[in-house]
Every structure is written in structure tokens, then in C-alpha cells.
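Trainee: This is the structure I have questions about; it appears just below.
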Amino acid sequence: MPVTARQRQIFQFINRFIEVHKQPPTIAEIGHHFKMSSSASVHNIISALEREGLITKIPNVSRGIEIVKQETTTDEYEIPLLGRVAAGQPIEAILSHETIAVPRDMSGRGRMYALRVRGDSMIEENIQDDDIIIVSAQQTAENGQVVVALLDGNYATVKKFYREAEFIRLEPANPQFKPIFIKTPERIQIQGIVRGLIRKYNYSSPAV
């Protein structure tokens, strides 16, 4: 149940009172400030604020109101930036121990991590050199999904995944690059599905 305007006013008054007087107000002081003649009405509002998790009441104490510290929420959270991945020919996976803040709406149900892209074989999927891709860790993929794949246990690449009858095809999104065909399934391990990307624009001064 949402907090009413009067409940919010009283909650704000309690906060200000504690800041000024270094102690919480009594029920009578709250009633006097808001010209509420019935202490029961004040008790009802205090009980409502407690149900909402904004305060706690200490029984049988005249100034027994405590503000509950609210956890601050942000629109970002930290995920590990594990290293580099090739959007071109596979390069050796390079691990790091950095983290990066990403928008919370990019979060998935499982483990999330980030990789910095090296190369431009995925530009038609809007993945460019030096972009940071956000990856949801999983070991399977559907045809057409953009995946991070590990080849021969050493080389990481980002491509569109297709499972054909006789081979697995890793398709670039740039006509200048050729697909990678893998006939032995044991050579490839799906590391995750690309869920989003972060790009930092580099602005240069215009030529005179």
C-alpha cells in the first residue's frame, strides 16, 4: 500500500525533528505539530509507517521511534570485465581482473560479465572495435544468436551462431570476413550470449 501524503509529511517531520533535536519526537509532539487532537490517529499513522518499513517502534518508550536506514539503489551495478574477445579472426583469450558498471536493465538471470571487443567483423550487428559487450554466461545457443565462443580451448571470438547438419558455423556480420566452419563439435565451447554493449565515443576536434 503506498504511503499517503499525510504519512509522508509525518515521516519527513520525524526525520527533521531527529536532525534538529538529536532524538525522535513523542506522539504528543507529532499531534501538536499537525494539530491532531487524537493520539490514536497519530498512532495509526506511525503504525502505517512501520508497516511500510520506514520506521520501527520501541514499545513502552515515549520517544521510541527509529528511522530505518534505506538501502540506496542505483541504476548501475558492477560486473567483471574479463578481458578481450575478437570480432575478426580468433585471438588468444586475455584475462583481466577489472570490473565495469553497467545499466541494471542489462542484467540477466545468470552470471553476467563483460569483454572488450577487438576487431570489426561484427559491425553490421553494431558491435565495433573497442566496444564492451555484456555477456550472459551459458553453454548453449540458438541459431542466429550472437555468442562468445572459445575455440580449441584457447581462442575466443564473437560471432553469430548457427548449427548446421554437418558443422557449426560462426558467421561474421561484415562481408569482408569469412565464416568459421567447425566440423568437430568438441572444438567449440559456447561461453555466453551477448545481451548488450557499452560504447565510449571519442570526439576529435574538427579540421580547420
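Trainee: For Lys178, go through the lysines and keep the ones whose alpha-carbon is under 23 Å away, minus same-chain ones fewer than eight residues off.
Mentor: Within the straight-line limit of under 23 Å, Lys178 reaches these lysines: Lys159, Lys160.
Trainee: Another question, if that's okay. Quick one: with all protein chains in place, what share of the accessible area of the chain is carbon or sulfur, to the nearest percent (1.4 Å probe)?
Mentor: Roughly 49 percent, rounded to a whole number.
Trainee: Looking only at chymotrypsin sites (Phe, Trp or Tyr not before Pro) in DSSP loops with at most 10 other Cβ atoms within 10 Å, what is the longest site-free stretch of the chain?
Mentor: Here the longest run is 1-200.
Trainee: With a sphere of radius 12 Å drawn around the Cβ of Asp120, what net charge do the other residues whose Cβ falls strictly inside it have (Lys, Arg +1; Asp, Glu -1)?
Mentor: Neighbour charge sum, excluding Asp120 itself: -4.
Trainee: Could I have the simple spin-label model distance between Tyr155 and Ser39, label points 7 Å from Cα toward Cβ, reported in nm to one decimal?
Mentor: Modelled inter-label distance: 8.1 nm.
Trainee: Something else now. By a straight-distance test (C-alpha under 22 Å), which lysines pair with Lys69 as possible cross-link partners, with residues fewer than eight away in the same chain excluded?
Mentor: Partners found: Lys22, Lys57.
Trainee: Could you pull out the longest piece of the chain with no exposed loop trypsin sites (Lys or Arg not before Pro) in it, calling a site exposed if DSSP puts it outside H, G, I, E, B and it has at most 14 other Cβ atoms within 10 Å?
Mentor: With a cap of 14 other Cβ atoms within 10 Å, the longest stretch comes to 112-182.
Trainee: Compute the signed sum of charges (Lys and Arg +1, Asp and Glu -1) over the other residues within less than 12 Å, Cβ to Cβ, of Pro179.
Mentor: Net local charge, Pro179 excluded: +2.
Trainee: Solvent-accessible area per residue for the chain at a 1.4 Å probe radius, Å²?
Mentor: I get 65 Å² per residue for this part.
The values are calculated or read from the model by the stated rules, or taken from the named source; none is laboratory data. Values in this document were obtained by computation on a predicted structure and should not be read as measured data. Virtual Cβ from ideal backbone geometry, glycine too; neighbours counted across all protein chains shown. Note: areas computed on protein heavy atoms with side chains; ligands, DNA, RNA excluded. Shrake-Rupley method; radii C 1.70, N 1.55, O 1.52, S 1.80 Å.
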